[in-house]
Structures are given as C-alpha cells and as structure tokens.
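> First, the structure itself, so that you have it in front of you.
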Amino acid sequence: MLNRYDRATPMSGEAEVKYLDGDFRVVKPGAFVRCAVTGVAIPLEELKYWSVDRQEAYATPEAVLQRLRAAPA
C-alpha cells in the first residue's frame with residue numbers, strides 16, 4: 001500500500017528535559033513536562049517557554065512573569 005507508515009507508540013508520562021538556549025533535549029522520554037508555576041502538564045510539542053538558568057518549564061508567558069516577579073532582585 002502506498003503512503004502507508006506505522007506510527008510509533010505514543011509516549012506517556014512525564015519527560016525529563018534539559019533546557020538549552022533556544023532548544024531543549026529530552027533526557028528521559030515522556031509526553032509532557034510540568035509548568036514550574038502552575039503545575040499544569042505541557043505536551044512537549046507545545047513547549048515554548050523555559051528557563052535555562054532555573055531548568056524549569058512554563059505553560060504561558062504569564063507564568064514566566066509570575067516566576068520572575070517572585071524571584072529576589
């Protein structure tokens with residue numbers, strides 16, 4: 001059959017990720033990471049916001065701002 005391909009089994013569970021400048025590397029496979037502020041699960045394909053220094057992910061720009069405001073100056 002033309003154009004047929006088998007999809008890999010979908011990942012489940014929480015991934016372990018190393019956050020880099022402009023990219024991230026999956027250390028332990030999984031489907032999502034948790035927002036450090038809200039605790040919400042963020043699917044890896046939707047992950048856009050993280051901190052390299054803190055090595056944590058954020059679900060939204062608002063969560064990033066909330067974390068920055070809470071940080072000691």
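Residues are listed down the side, and each one gets a yes or a no for (1) outside any strand (DSSP E or B); (2) at pLDDT below 95:
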| site | (1), (2) |
| --- | --- |
| L2 | yes, yes |
| D6 | yes, yes |
| Y19 | no, no |
| F24 | no, no |
| V64 | yes, no |
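> Give the residue that is farthest from Y19 (Cα to Cα), with candidates limited to residues of the range 35-52 that are of a type in the set (A, V, I, L, M, F, W, C) and assigned to a strand (DSSP E or B).
Checked the range 35-52; the qualifying residue farthest from Y19 (Cα to Cα) is A41.
> Given the criterion closer than 22 Å to S12 by Cβ and among the β-branched types (V, I, T), identify the matching residue among V37, V26, V52, V64. I'd like the intermediate steps shown before the answer.
Details: V37 fails: closer than 22 Å to S12 by Cβ; V52 fails: closer than 22 Å to S12 by Cβ; V64 fails: closer than 22 Å to S12 by Cβ.
On inspection, the qualifying residue turns out to be V26.
Rundown of residues vs (1) assigned to a strand (DSSP E or B); (2) more than 18 Å from K18 (Cα to Cα); (3) in contact (Cβ under 8 Å) with a residue 12 or more places away in the chain; (4) not charged (D, E, K, R), yes/no style:
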{"position": "V33", "(1), (2), (3), (4)": "yes, no, yes, yes"}
{"position": "R54", "(1), (2), (3), (4)": "no, no, yes, no"}
{"position": "R67", "(1), (2), (3), (4)": "no, yes, yes, no"}
{"position": "P72", "(1), (2), (3), (4)": "no, yes, no, yes"}
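The values are calculated or read from the model by the stated rules, or taken from the named source; none is laboratory data. As the structure is a prediction and not an experimental result, all values here were calculated from the model. When we count neighbours, we look across all protein chains shown, and the Cβ atoms used for this are built from the backbone with ideal geometry, even at glycine.
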